[in-house]
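Chemist: Starting off with a structure, shown below.
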């Protein structure tokens, strides 16, 4: 049995932030093109091996030239091609922070210009004030742009 309680004097080691987002996709080149177009990413020109349960296939790394955040799009040869579904065990969605609501307005206009369907901006007050804009990638993975508001 795994012990789930902690001593009050114990503290988890520190985190330094999020380094990368790595979804598995069905058509890697179509997804690379979509992520590059939507997020303005640059392709890192080297195939990246998988680390984990499946050692077949490969990943394509894309980098945000401003923040250095990495998107690692993965292709697995055993992928049957089913669409993403957040109600199954695994990823529910990925949320990216933006500085303020004005940035969400800019993102909404950008996605409109690209023809990417999105929710529009939703303003919430509970459990704290925030605003978000939701859209999906070519494999139906839910992506959110999020900002805390006051």
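Chemist: For the range 120-147, enumerate the residues that are surrounded by 14 or more Cβ atoms within 10 Å (Cβ to Cβ) and touching a helix residue (DSSP H, G or I) at 6+ places or on another chain (Cβ under 9 Å).
Modeler: We begin by selecting, within the range 120-147, every residue surrounded by 14 or more Cβ atoms within 10 Å (Cβ to Cβ); these are 121, 130-139, 141-147.
Result: 121, 131, 132, 133, 135, 137, 138, 139, 143, 145, 146, 147.
Chemist: Out of the residues in the range 1-29 that are closer than 18 Å to residue 91 by Cα and at pLDDT 85 or above, state the one that is surrounded by the fewest Cβ atoms within 10 Å (Cβ to Cβ).
Modeler: By that ranking, first place goes to 20.
Chemist: Quick one: is residue 98 surrounded by 15 or more Cβ atoms within 10 Å (Cβ to Cβ) and in contact (Cβ under 8 Å) with a residue 60 or more places away in the chain?
Modeler: Spelling it out, it is not the case that residue 98 is surrounded by 15 or more Cβ atoms within 10 Å (Cβ to Cβ) and in contact (Cβ under 8 Å) with a residue 60 or more places away in the chain.
The values are calculated or read from the model by the stated rules, or taken from the named source; none is laboratory data. Since we're looking at a predicted model, the values are computed, not measured. Positions of Cβ are backbone-derived with ideal geometry, glycine not excepted, and every protein chain shown enters the neighbour counts.
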